[in-house]
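The numbers here are math on the coordinates, done by the rules we state, and not lab data. In this text the structure is predicted, and so the values were computed from the model without any measurement. Reconstructed Cβ throughout: ideal geometry from the backbone, glycine too, with neighbour counts over all protein chains shown.
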Amino acid sequence: MSPIATVKLLKDRLHLEIIVHYTARDRNRLGIQSDLLRASALLGLENFLLLGGASPSIGDYPFATSVYDLTSEGLVEMLDSLNHGIDILGNPLGKQTGFFIGVGTGLGEKGNVNPDSMQRKLKNGAHFIITQPVFDIPGCRKTLESFKSSGIPILVGFMPLISGRNAEYIHFEVPGISIPDEFLQRMEGKRGREGEKEGAVISRRLVRELAPYTDGILFMPPLGKIPASGGHPFLKDTFTAISNSLHAASPDRVPLTWHFACDINCRNSKRVAIMPKKGSQELESLDDFVKLSFFADIGLGLSAAKTIKEVMNQVMEKIGETFAPLNWSLLLKDDETGDLTFKLVVGPSSEKLLGTQVPKGEGIAGWIAENGQAVLVEDVRGDPRFSDKYDMLTGFRTESIIGVPLKESDKVIGVIELINRLNHEPFTPADLKLLSTIANYAAIAIEKVYYLSALKNLAYIDPLTGVFNRRRFEKQLQEDIDRSKRYGYDLSLLLIDIDDFKSINDSFGHAAGDQVLQTLAAVLKRSVRKTDIVARIGGDEFIILLPHTKLDQAENARQRILKELAKENRLSNSPQLEITIGLKSGSSKGISDLLFESDVDLYRQKKLKEGIDLQSIEKHLQTFLKLEETRNGEKKKPKSSKRKKAKKKRSKAG
């Protein structure tokens, strides 16, 4: 996914302003203009930090080369031109864009600040400056003082160190960043909690010294990740240190703007910055900042999830870390009845709730599902919507609840509900707002996995009958054959063919024929175990794979299907349905030809129905030979014909 698409997704779901970090590298002028106009006009994205882009040769691919059609200065000039309604050829656009243009710079000894280049960027229309992480206090202070006269807001980057090895890597390997010897020595040999504590102390000093010279803080979490508050004490310590330092340095100033930089899940690892929405009230508490990090921290995990259950598990885990509830659950809504079912439950007596159904509209969760609205109840005893039935079931005492709907588009598909805090304090409106945003984010991930699963199912499911198709069956058969050989268990196949199916189509029409196929598929599915695989492999041919099944057990399954079909025929007004079932079982030593041998048995069963003497080999040898050749793909011309051709060729040559 491109960074622009990712930012659009985050902005819509999280209601935050996002700054896209956009590079000139490997893009031509026309492509850049097209990208930016589309982002502005169609997606409403106008916050851009414009960078030249580092050479790929400094990364994992030293042989890679770069293409630069524009420099970062040229990018600034292009966006400023678009803001004045002029395209790259000087033609009027008919409308002005509203890009909020940022530029980057390094600070300190290795900062490589080019005053002339920066002045050109500011003259060309840059609106703000963001710096790389800073550690060199004297050098940074000097550079920041030189920028003050421009009147342009400057956000200084701070990245807490976490170990001696981390400090050395940043100092020696990251272009444009230097760490003074003093800090390198303090971090030397430190790791784990000790390294994190020392890094927080250094961060506190940096902020205290540099806060008077900056207009905002760009917090860059170590390794690009922002853990949730409950899971990483170091991060909270660091925030506390920075907050205290800001207050000490500038107690009478308007609070500085906070920003977060984090790697969002993009294949090209573009970085974005997250900040409060323009004009909105500043986030006040430390926990609010840390909890917002949920979205950066969980993004990578959710993108890797392959099943809906994996997505739900990850969301529930992060909710637990973020809110520290005593009990929390995810309920899914039945589309037909409107009832809710506890699908995931965490906390005391969770096993008693798992799988329990909540009737439509019952309790606070039922109300949320019916109305599609988030709910905060600080004391459930005073809320008429509360039902104590589930407290009685579990022996749990509910005090405070927050719950939010899980939505796909405008349709409620479930409810996330949190009960009681571990510290016994009630949930707050800020908690409710954050949980609502988390639910929106989770819905995106569930929707993505759902549609991927649906597409996968379409590739494996027969659309008429709803059973597996031949492709999926052959894949499953090979897997079970391999397992059977490895572990030595028996495997059986039932091959089912509808007798005289053509006459049904001819006599009653193809719609009736389709109904017969659907009826038979339903009969087969309810006649076998959940672990058995039912598939349609041809026009009127079905097959059932029976793992861990011996011959006598497979015969019982065959008779069960015939009895169930007879019952269906008695109760149905549809054309009477007759089938023939071939059967073959094999152990680990003789299962490779199972499909062919079950086909032979099917043929034998059909001939027995017709009263044909199968003992007469001469009558049926050719038929079985043709069947074998068809199954094994061995329809070849006799070798004698090749010899005749070769002989004829030699005679002509003579």
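Observations on the model:
- Were the residues from Ala5 through Lys309 laid out at 0.36 nm apart, the gain over their Cα-Cα distance would be 106.9 nm.
- Cβ-defined net charge surrounding Ile18, 9 Å radius [Lys, Arg +1; Asp, Glu -1]: +1
- Relative contact order %, region 305-460, counting alpha carbon pairs below 8 Å whose residues are six or more apart: 24 percent
- Label point distance in nm, Lys550-Glu564, each placed 7 Å from Cα along Cα→Cβ: 2.3 nm
- Net charge, Met312 excluded, C-beta distance under 12 Å - Lys, Arg +1, Asp, Glu -1: +1
- Here the simple spin-label model places points 7 Å from the Cα toward Cβ, and for Leu422 and Tyr451 these points are separated by 3.7 nm.
- Distance between the C-alpha centres of region 483-541 and region 429-448: 44 Å, rounded to the whole angstrom.
- Placing dummy labels 7 Å off each Cα toward the beta-carbon, the span from Thr337 to Gln478 is 4.1 nm.
- Put simply, when 309-317, 142-150, 47-55 are sorted by average Cβ atoms within 10 angstrom per residue, most first, you get 47-55, 309-317, 142-150.
- Computed over region 419-550, the quotient of the alpha carbon radius of gyration and 2.2 N^0.38 Å is 1.64.
- Neighbours of Val103, meaning other residues whose beta-carbon lies under 13 angstrom from its beta-carbon, give a summed charge of 0 when Lys and Arg score +1 and Asp and Glu score -1.
- This ranking places Arg486, Arg191, Arg204 by how few other beta-carbon atoms lie within 10 Å of each, fewest first, which gives Arg486, Arg191, Arg204.
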